[in-house]
Amino acid sequence: MQNGLTEFIRHVPKVELHVHLEGATQPETLLRLARRHSIRLPADTVEGIRQWYTFTDFPHFLEIYFKVCDCMRTPDDLEWVTREFLQGQAAQHIRHSEVTYTPFTHYRQTGLPFDEQLDAINRARTWGEAELGVTMGLIIDIDRGGPPEGGPLTLEWALQGRDHGVIALGLGGYEPDFPPDIFADVFDQAHAENLPCVLHAGETGGPESIWSALRVGRSRRIGHGVRCLEDPALVAELRERQIPLEVNPTSNICLGVFDSFEQHALPRLLEAGLYVTLNSDDPPMFNTTLTDEYLKAAATFDLDVGTIEQLVINAVRAALLPPTVRANLEREFYADFGRLRREYLVGNHS
Ligand code: ADE
Ligand code: ZN
């Protein structure tokens, strides 16, 4: 790939729509948290943690994911993890992130009340906005495989947090055994309250899971959605409605959805006229970053600068921000595209 495009991607402003707060914890931080709480992890070095992050399948990933969550036990832990996360986003020029967080998992493990969890995350959010100039919204998600009471309780918390950084209700976890139908009442109520819903679907589940996310969950965007290609009628529906897909290529490879980056569905999704955004999911657990996702996609599929800019703008336009904020961000991004093209691409054929 052209050096100029690499530099363009590194510096271009970005928006990230699909990243899990817990799954974004750096290995160094995880080790410090474990030490702080005398938790024994299977490894006590960064290299060991990276090796531990080798997943045989999705259920194995979730097992490790819950151990990572278990290391975040106090408001202080949550504030620290969020601050580090925002620093990492700022370093990648990610100006706005919509961050998935699963409060019921922590409530169940530690009894920490939701308002204390949210206050801690919000202290970091306020700091990130003031000191780093980056914003974040929280997608409070239900673990579909968790106890059923997690659904209504998470909805209640999401509504309670709405004026305090919560922007949507999510649904994560293993799709095949837990369709959104289990939580139909919860999604109906969210809809009645005008609370946006953003569901994971079409990652570990096939097209039926995406249909349910649309019908039952009235999902504004689809977390992953890559398996829509198995159903032409679904592709047509997603294209007509321009439902944004939150695509996470490296995550899909690490969790066995595709065998390699080369075989990932990304170019086929673009060719089908679908609304694609690029995201990192649980970046350190997959040894990636959002910038790396753009770099790998550009290099593997020979994407040009116009396609990169379109992917970035797709994320801006699909963000759950007030329309004026979104429009301002888009204007600023276009101005930066021009500046960065002139800096890195014009007359640079290296
Ligand atoms: N929770 C964290 N990462 C996830 C993923 N990739 N799919 C579903 N649930 C998740
Ligand atoms: Zn996810």
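The values are calculated or read from the model by the stated rules, or taken from the named source; none is laboratory data. None of these values were measured; they are calculated from a predicted model. Positions of Cβ are backbone-derived with ideal geometry, glycine not excepted, and every protein chain shown enters the neighbour counts. What goes into the accessible areas is simple: the full protein's heavy atoms, side chains included, and nothing from ligands, DNA or RNA. Shrake-Rupley method; radii C 1.70, N 1.55, O 1.52, S 1.80 Å.
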- Note on the structure: The condition of being more than 24 Å from Arg144 (Cβ to Cβ) and acidic (Asp, Glu) holds, among Glu98, Glu84, Glu16, Glu22, only for Glu84
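Rundown of residues vs (1) part of a helix (DSSP H, G or I); (2) at pLDDT below 95; (3) buried (at least 21 other Cβ atoms within 10 Å of the Cβ); (4) not β-branched (Val, Ile, Thr), yes/no style:
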position: Ala297; (1), (2), (3), (4): yes, no, yes, yes
position: Thr307; (1), (2), (3), (4): yes, no, no, no
position: Arg326; (1), (2), (3), (4): yes, no, no, yes
position: Arg331; (1), (2), (3), (4): yes, no, no, yes
- Task: Could you please let me know if Gly306 is in contact with a helix residue (DSSP H, G or I) (Cβ under 7 Å, 6 or more places away or on another chain), without any contact (Cβ under 8 Å) to a residue 40 or more places away in the chain and more than 16 Å from ligand 1 (Cβ to nearest atom)?
- Result: no
- Determine whether Thr100 is closer than 29 Å to Asn328 by Cα and either open to solvent by 30 Å² or more (accessible area, probe 1.4 Å) or within 14 Å of ligand 1 (Cβ to nearest atom) (or both). yes
- Please find, within region 48-90, the residue that is surrounded by the fewest Cβ atoms within 10 Å (Cβ to Cβ) out of those that are aliphatic (A, V, I, L, M) and more than 12 Å from ligand 1 (Cβ to nearest atom). Ala90
- Message: One residue is enough: does region 271-288 have a residue meeting the conditions surrounded by 17 or more Cβ atoms within 10 Å (Cβ to Cβ), of a type in the set (D, E, K, R) and more than 24 Å from Trp52 (Cα to Cα)?
- Response: no
- Query: Does region 214-236 contain at least one residue that is within 16 Å of ligand 2 (Cβ to nearest atom) and either touching a Ser or Thr at 6+ places or on another chain (Cβ under 6 Å) or at pLDDT below 95 (or both)?
  - Reply: no
- Checked region 242-282 for anything of a type in the set (D, E, K, R) and either under 18 Å from Ile308 (Cα atoms) or in contact (Cβ under 8 Å) with a residue 12 or more places away in the chain (or both); matches are Glu246, Glu262, Arg268, Glu271, Asp281, Asp282
- Could you tell me which numbered condition Ala34 fails, if it satisfies all but one of (1) touching a residue at least 12 places away in the same chain (Cβ under 8 Å); (2) more than 16 Å from ligand 1 (Cβ to nearest atom); (3) farther than 17 Å from Ala299 by Cβ; (4) open to solvent by 10 Å² or more (accessible area, probe 1.4 Å)? (4)
- Query: Would region 286-293 turn up any residue that is within 25 Å of Arg239 (Cα to Cα) and in a helix (DSSP H, G or I)?
  - Reply: yes
- So, in region 238-249, of the ones that are open to solvent by less than 10 Å² (accessible area, probe 1.4 Å) and farther than 16 Å from Gly170 by Cα, which residue ends up nearest to ligand 2 (Cβ to nearest atom)? Asn248
- What number of residues within region 309-331 satisfy the criterion of being touching a residue at least 12 places away in the same chain (Cβ under 8 Å) and either more than 19 Å from Leu345 (Cβ to Cβ) or among the hydroxyl-bearing types (Ser, Thr, Tyr) (or both)? 10
- Message: Yes or no: region 225-237 includes at least one residue that is among the basic types (Lys, Arg) and either more than 30 Å from Phe85 (Cβ to Cβ) or open to solvent by less than 20 Å² (accessible area, probe 1.4 Å) (or both).
- Response: no
- Query: Pairs under 6 Å by beta carbon, first residue more than 24 Å from Asp119 (Cα to Cα) and open to solvent by 70 Å² or more (accessible area, probe 1.4 Å) in region 166-191, partner away from ligand 1 (no atom under 15 Å from the Cβ) and of a type in the set (Lys, Arg), six or more apart or different chains?
  - Reply: His191/Arg218
